Amino acid sequence: NDEKMADGMSGIVAAAAYSLGVIGGERARTRLTEMLLDPRSDVRFNAATGLARLGDRASIPVLLEMLSIYRDHRDSRRSESRQLAIAVSGIAAARHLLPFLSHPDREHLHQALESLCESREVPPRVRMDAKASLLAISAAD
């Protein structure tokens, strides 16, 4: 029962992180930056996604974590659909953030997106989203 309660709280905090990213503003940005250090991955991922929407480079390390969800091996603790959702959200967040970044910061995200495009271990949907993001970014440059 305690485990169900903890899962419920994690979901509430993750939803709050998502909402703060939509609302924006300096107070939201400050709270989202704190949430990047949360031990719960869903909270960190939503905080990074929100910060990316706000153009905040503090989101980069967690976005890279999201974009590498398939890199080493499939995470047996997460379902395939959850891994897919994390990767797709990470790609969308990176796409929002990239126009705000200088070249060195852009390069890390660009490489992570290219890695997703090239890997045969990654589902086709993820590869296509990563490739579309890279094309959109190239067209905007």
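Tell me, which helices (runs of 4 or more DSSP H) wholly within region 20-119 include 1 or more residues that are under 15 Å from Ser133 (Cβ atoms)?
41-53, 60-67, 80-97, 103-118
Go through (1) over 24 Å from Gly11 (Cβ atoms); (2) surrounded by fewer than 18 Cβ atoms within 10 Å (Cβ to Cβ) for Arg95 and report which single condition fails.
Unmet condition: (2).
If Ser102 meets every condition in (1) open to solvent by less than 30 Å² (accessible area, probe 1.4 Å); (2) without any contact (Cβ under 8 Å) to a residue 40 or more places away in the chain; (3) among the polar types (S, T, N, Q) apart from one, which number is that one?
The failed condition is (1).
Search region 121-141 for residues that are within 14 Å of His96 (Cβ to Cβ) and pair each with any residue that is among the basic types (Lys, Arg) when their beta-carbon atoms are under 6 Å apart and the residues are at least 6 apart or on different chains.
Sorted first by the residue in region 121-141, then by its partner, the pairs are Ser133/Arg95.
The values are calculated or read from the model by the stated rules, or taken from the named source; none is laboratory data. Computed from a predicted structure; not experimentally measured. When we count neighbours, we look across all protein chains shown, and the Cβ atoms used for this are built from the backbone with ideal geometry, even at glycine. For the accessible areas, the whole protein counts, side chains as well, though only heavy atoms, and no ligand, DNA or RNA atoms are used. Shrake-Rupley method; radii C 1.70, N 1.55, O 1.52, S 1.80 Å.
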